[in-house]
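The structure appears right after this line, and notes come after that.
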Amino acid sequence: MELDRSRAVSVAAEAFHAHGISDADAEQTAEVLVSADARGKHSHGLLRLPRFVHGIEHGNVDPAGEIEVVAERGGAATLSGGSRLGPVVASAATGE
């Protein structure tokens, strides 16, 4: 089955947004999931959407969580992701 990429991103982002995730975080996470599927990494693609939604509904994801550096040593830092969505935290950690 072939899916239009922009439609897939839009539907996934709408699901996140409907659960209190900001537009920016919803779009970014949806794009990551769809990109994983496009690369054939389905275990990290849209298959994860229900799991993310479950996490939001059960308080494991904090849509308003703050990402912050909690420790620095040399060229390394430890971040607290504030329970935000993983792709959002990963992006912040890598400076993207």
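The values are calculated or read from the model by the stated rules, or taken from the named source; none is laboratory data. This one's a predicted model, so the numbers in the text were calculated from it and none came from an experiment. Cβ atoms come from the backbone with ideal geometry, glycine included; neighbour counts cover every protein chain shown.
What are the residue pairs meeting all of these: first residue in the stretch 41-64, first residue within 14 Å of A18 (Cα to Cα) and touching a residue at least 40 places away in the same chain (Cβ under 8 Å), second residue charged (D, E, K, R) and not in a loop (DSSP other than H, G, I, E, B), Cβ atoms under 9 Å, and 6 or more apart or on different chains?
From the stretch 41-64, the pairs are P63/D25.
Given the condition at pLDDT below 95 and polar (S, T, N, Q), answer yes or no: does some residue in the stretch 28-36 qualify?
no
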